[in-house]
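Read through the structure below, which is laid out as structure tokens, and then see the notes.
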Amino acid sequence: MKDFQFVIQNFLKNHEKHKKYIALLTVLSLMVSFAVPFSLIMPAVSMTKESSSFQNMYDDNLTLLGAGIENGAINLSCNNNNNDEYFHVVVKAGENEIYNSYDETPSKDYTVSGDSVKLDFSLAYKKKNVTLPSTAPHLYVDLTQLGLSDTTFVLDENSRSGYIFDGDYSTSAEAGTYEITDDGYIKITLTDDYIKHVNSGDKSLVGSLEFSGTMKRADNEDGDRKFDIGGQEVTVKFEDKMPSVNKSSSVNKTDGTIQWTIVVSNPAKIDLSSYTLTDQMFQYAKNLTINPDSAGSFSNSEIKFTADSKGVEYITITYSTDITPEQLKNEKASNTAQLTKDDKTITSNPSEVSLRNAFNVDKKGTPDYQTGAYENKINWEINISSNYGTSLNGYKITDNQIPDGEYTIEPDTVTISKSGNYWVINAPDNQKSVKIKYSTDTDSSNTQYNNKVKFDYPDPDPDKPAGEKDITVEYKNSDDLISVDKSGNYDKDKHEITWTINIKPEQGCSLSGYEISDTQFPDWDKISFSPDYAKNSATYDSANHKITFNGTYSGNVTLQYTTKIDIPENVQTTIVSNDFSDNRKPSTSTVTVKVDVRNSLEKSLNQNKTETVASNGSITKNLSWKADIVLDGSFKDLVYNDTLSVVGDGASHTITDDQLNSIQITARTSQYGGPTTLVKDTDYTITRTGSGFSIKFNESLDNSGFNYLNITYNTTVTADKTDENASYPVDYEFKNNAEFNGNSKGDSFTLTRTNPNVDEKMNLGVNKKWNNDDADSRPQNITVKVMYKTNLDGTWRYVKGTEDNFIMYGQSGYDSASDYTLTLSSSDNWDKTISGLPKKFSQAKNDGTQDTITEYYYKVVETAVDGKTISNGMFEYGNGAYTVSYSNENGVNGDNILYINNTYYSDITLTPQKIWSGDSNSGEEINSITAVLMYSVDNYNYYPVKKNGNNYVFDKNTDIADACTVTLSGNGNTWTGANFENLPSRIFADGSIKECRYKLREIKYNDTEISNENRFETSAGYYTIYSSPANSSGNISVTNTFTKNIDITPEKTWVDKNHKSHTPDDVAEITVRLEYSNSNDNNYYPVKIKDNQYIFDNGGNTEGAVFAEKVLTSGSNWTSDAWSNLPKKYIGSDGNEKTRTYRIVEVSYKLTGSNDSQTLINNKFSTSGGYYESPQSSGSTNNTSKLSLQNKFYPNEKLTITASKTWRDVSDSSNMPESITVELQRKPSNTGIWEKVENSEKKLNSQNSWKCDWSELINQETLADGTVVIYT
């Protein structure tokens, strides 16, 4: 911290020529970033105040002068901020600074968003030439002039007391303590050591302190709070919370009213008695309510709020108004609520409810024949209804068709009366709908009748009626009341037409007397009706093919029947006609249906149409054929002819007797019906012809109604063997043509013959590429061998023999022949070609077919460099090594080039390096470190590098014996050791060449073994080990990060129950114990000491160990020396890093004048004047710090309790009892059960005004076992 203070001071001095406040803000930012105490910043700043420009930044009137305090304590506030003395104040609201005495404009503009804000006060001071009083308090600051009260600003409990630090005195030890009293003073008590420091120096005081509290918003609209610092008014601005109004509305469609709701929002919960609420609709309001009802009153079309509105956040006003015709005409109702104060509008809110489509107006007309009558009349009906529940009384109807007196109205409580061109509705006030019915005559000259109704408001607007409906009704003559249509559908498989007749009478019109004639009508039982019961209302005249309807049936009827079609021969399409007529229209209608006559043949090869065969012998194959025939008409005596032929010498195409007898013919009546197998000589006959066969069909197919035939059969094709001089390939085409009933179709099969003997050769190029090396220092030549495998055997073997005579495995002389080798050098540009290598080979078998083809795949292998054999795909050369890799290692088949890649990797040299980091004094107790060189080929698992003579050994043996080690030592934070030279960067491992990475592993510090690879402990602290891997020349480092052991100082403070400082005159000493907690463990265990060593046995019973305890007394200012050198981090049983957290607990006490120590019970102990309550434990820490326990004193007190009896709703005292008896009960804290206080019964009556007292009651007591009992 001293170093950081020095940095701050120099920073400010170096920026004297700039704006000093910029420098100051920068320093404050550094302080926040590095958690520097405020006290270290203040001295640094004060040292830079050498220019007049900076002097002007201070308020000369800044003061917190008080009226004085006891003991002659010095008031730190001063009027003179200069180079020698200052008193600075910074106030923050949350994270935002609102006051800074350093600034030219110290008060900042900031608005708080909530109802309260945390204020943080930071005070820094310097005062020179002081003479401190002999007794505490030594210093004070008067806070009373800030203008803060308990109701507006509540001091945080943890801000009532704290420490004073002076960076010039010490960076760790406090200069004193402070407490804030209830009467508004900061009392500062300095330590004896610090007083000596001040008195022995220039008698200058430097220090800082901080305190915090919560400020609540003011109880008004803006909520702002103000206080004063040295004459400077500081305003804490809160967000305004002005009252507002929100108005909403809804329509009650059952009673024709609008429901209005006004919500007055009072977010600050202030008294609204100075506010008035007005509303345009208040003059028409019905059933107005205010909730809560005491918050305001309604009079003269306005609401005045009362004082009871204070504390109420929302006030709701509801009322209703009747919907008026004028509002319906305007299609809306508008209204505005307005909140005023002192005749000034504070807020207003308009509201509008839509009243569109207020009425439903409908009119419809129905011809009388749709209701079963035919009297040339149209029946009209008008329906009018209100959508918003308003009455129809007084509204007007315009309809010129309504006949006087010849109408009906529903309900009968409604009447209409003629007034000029209007019919006026006379209805009760609650009538919301009406229906008017009447009839008008038609005439034969007209079929379209128009009628219009118009609905108007009581005060009609000719341009804006309430609703209207205009309709036109068609009235048909009798001949148009029944429609009929006919259609036909042809079934090509059944050869029949289904005829459909649809008869559709007009709605309500009867079919009685309707006749329909059809020349194709079959017998009565073959005509179907839909619905089927309509047939009961009809009769049939079979002689005249006429159906007559009788009775009163009036619905739609569908008639259906079928007729068979005789298929004409040699015709593809024919037209079938059908005539029908009825008695309503004199003309006859004709319906035609198109009938397609099918006659088709399809012929195909029922397998692959081509095939290639490698053979020089005779080839025979069976072919599968099929023919599909579709025929409408007779199959009798029709013949199917099949002709076989071949194109190509030495080939034939025949059908054998067995194949002829195996011809299969199936027949179907429909396309997707099940097949029937036809019987030879019954359904057909087969005759062999010179080049094929013919099939003649019998009459039985016609008797079964077959339309589809499928013929399947096989034929045999043969190609004779070829002679030795044949020219390949040889093609043969085998044809099959069919004819039936004038149709002709065919298909063919092509056979290609290829040479069964194969002997193909290939050329293989070999090219060497050098990478990452010096072309002037490469090897002179390399030796290459060729390897091969076949598609029949995946084993790689060497090619043997010479380029004129390659010998493969299995060939004569292979075992004794030498491997074929190839030498590449710079003279041939490291490139050569091998010619005549076998690519494919096969010979015909005895039957002429081709034997299995052998395919050869090749790769190359580099076997030697300058005559020296290569192993494991790499070889050493110079100060490094080449690795060897190949293209196409799976082999190539065909002309190609194979590349051999030789890549050079230089050996590396590593310089071991030890880096010390972490807390101060890292590595100071260590003289040397011993480390082992480790290697890895997967960047995960590391193994020791070993040596055999001058050669490095990489064998994955984890034993570090004979491993390469290095000793590192030195001064400062970086040590080095002897280099590791000529380490390979690539090695052969796990069957392939791998990149090699190295790192150091520490195995010893001084003469102490390190068993954990990642961490170790010493007497001064804890080290973590991190080793940086390396794979190239340079440093290879291992970093030790030091976590220093910590010191913890215990402290006891005393306060009374009101958190005021308390002097425990009746307590002689307190014993505190140090406890610890391990990582991921919420339990605390006592720290123990044995042989001057700390013992951490997790609550075990280590023999000879004692608890780590300290005795605190008033003579030691209730503190003691620290527990020093406590481990902060340690190695757990699982080998991982752990952290210890410490706390102190109070275990015993000794009262003044007593020689006996006593144990606390339930964290309490008693004295003659009361009892002390101690926290269960102090706060916890894992850093060097002071841990404090605060004991709170509760004095013994005498209580007086008064009881009274109140009688409610009793108008006559004669109804009351003469007296009642009461008893006092108490609840002890140790049981929680209410119990009677002895001799506490008392009578209450009218003579003692129904009251009584109990006095001299104790509030607490201590039991014989030391338990403190508190009574409620």
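Read-outs throughout are calculated quantities, based only on the coordinates presented, and are distinct from any laboratory measurement. Not measured: the values here are computed from a predicted model. Neighbour counts are summed over all protein chains in view; Cβ atoms, including those assigned to glycine, are modelled from backbone coordinates with ideal geometry.
Within 13 Å, Cβ to Cβ, of residue 590, how many net charges do the neighbouring residues add up to if Lys/Arg are +1 and Asp/Glu are -1?
Net local charge, residue 590 excluded: -2.
Could you tell me the center-to-center distance, by alpha carbons, between segment 720-774 and segment 1095-1153 in angstrom?
The two parts, judged by their Cα centres, are 96 Å apart.
Which whole number of Å³ per residue matches the convex hull of the alpha-carbon atoms in segment 566-671?
180 Å³
Show log10 I(q)/I(0) for segment 1046-1194 at q = 0.10, 0.14, 0.16 Å⁻¹, two decimals, from a solvent-free Debye sum over equal Cα scatterers.
Reported log10 I(q)/I(0), two decimals: -0.37, -0.70, -0.88.
Segment 724-765: Rg/Rh from Cα coordinates, Kirkwood Rh?
1.38
Taking only the alpha-carbon atoms of the chain, what semi-axes of the equivalent ellipsoid follow from 5 times the gyration tensor eigenvalues under a square root, in whole Å, largest first?
98, 80, 31
Considering only C-alpha atoms, what is the centroid distance from segment 1050-1074 to segment 84-119, in Å?
Each part's Cα centre sits 35 Å from the other's.
Enumerate by residue number the chymotrypsin sites (Phe, Trp or Tyr not before Pro) in segment 1216-1255 meeting two conditions: DSSP loop (anything except H, G, I, E, B), and at most 10 other Cβ atoms within 10 Å of the site's Cβ.
Those satisfying the criteria are 1234.
At 1.306 mPa s and 10 °C, plugging the Kirkwood radius over alpha-carbon pairs of segment 869-910 into Stokes-Einstein gives what diffusion coefficient in µm²/s?
The estimated diffusion coefficient comes to 131 µm²/s.
In whole Å, what three semi-axes, largest first, describe the equivalent ellipsoid of segment 244-354 built from its Cα gyration tensor (square root of 5 times each eigenvalue)?
Each semi-axis is √(5λ); the values are 26, 14, 12 Å.
Could you work out how much longer the chain between residue 1060 and residue 444 gets when fully extended? Use 0.36 nm per residue separation minus the Cα distance between them, nm to one decimal.
Length gained between residue 1060 and residue 444: 210.3 nm.
Output the DSSP H helices from the chain with an along-axis C-alpha extent of no less than 15 Å and a mean Kyte-Doolittle hydropathy no less than -1.0.
Span-like helices here: 2-14, 20-34.
How compact is segment 907-1035 by the rule of thumb for globular proteins, expressed as Cα Rg over 2.2 N^0.38 Å?
1.08
Rg and Dmax of segment 155-249 over Cα atoms: what are they, in angstrom?
21.4, 82
Output the Kirkwood hydrodynamic radius of segment 359-474, Cα pairs only, in Å rounded to one decimal.
By the Kirkwood definition, the hydrodynamic radius is 14.9 Å.
State the Cα centre-to-centre distance between segment 193-234 and segment 905-936 in whole Å.
So the separation of the two Cα centres works out to 52 Å.
To the nearest 500 deg cm²/dmol, what mean residue ellipticity at 222 nm is calculated for the chain from DSSP H runs of n ≥ 4 alone, each contributing -39,500 (n - 2.57), summed and divided by the residues?
Calculated at 222 nm, the ellipticity per residue is -1500 deg cm²/dmol.
Under a Cβ-Cβ cut-off of 11 Å, what is the net charge of the residues other than residue 95 that fall near it, where Lys and Arg count +1 and Asp and Glu count -1?
0
If you take the beta carbon distance between residue 951 and residue 816 as r and set R0 to 45 Å, what does 1/(1 + (r/R0)^6) give as a FRET efficiency, to the nearest 0.05?
0.70
Please give the net charge around residue 1224, taking every other residue with its beta carbon less than 9 angstrom from that of residue 1224, where Lys and Arg add +1 and Asp and Glu add -1.
Once positives and negatives cancel, what remains is +1.
Among the listed pairs 486/594; 789/859; 526/594, which are separated by more than 18 Å between their Cα atoms?
526/594
Give the Cα extents of segment 599-754 along the principal axes, in whole Å, largest first.
Taking the Cα atoms of segment 599-754, the three principal extents are 61, 27, 25 Å.
State the percent of C-alpha pairs, over all pairs in segment 338-403, separated by a distance greater than 15 angstrom.
72 percent
Given a Förster radius of 41 Å and the C-beta distance between residue 216 and residue 1041 as r, what FRET efficiency does 1/(1 + (r/R0)^6) yield to the nearest 0.05?
0.25
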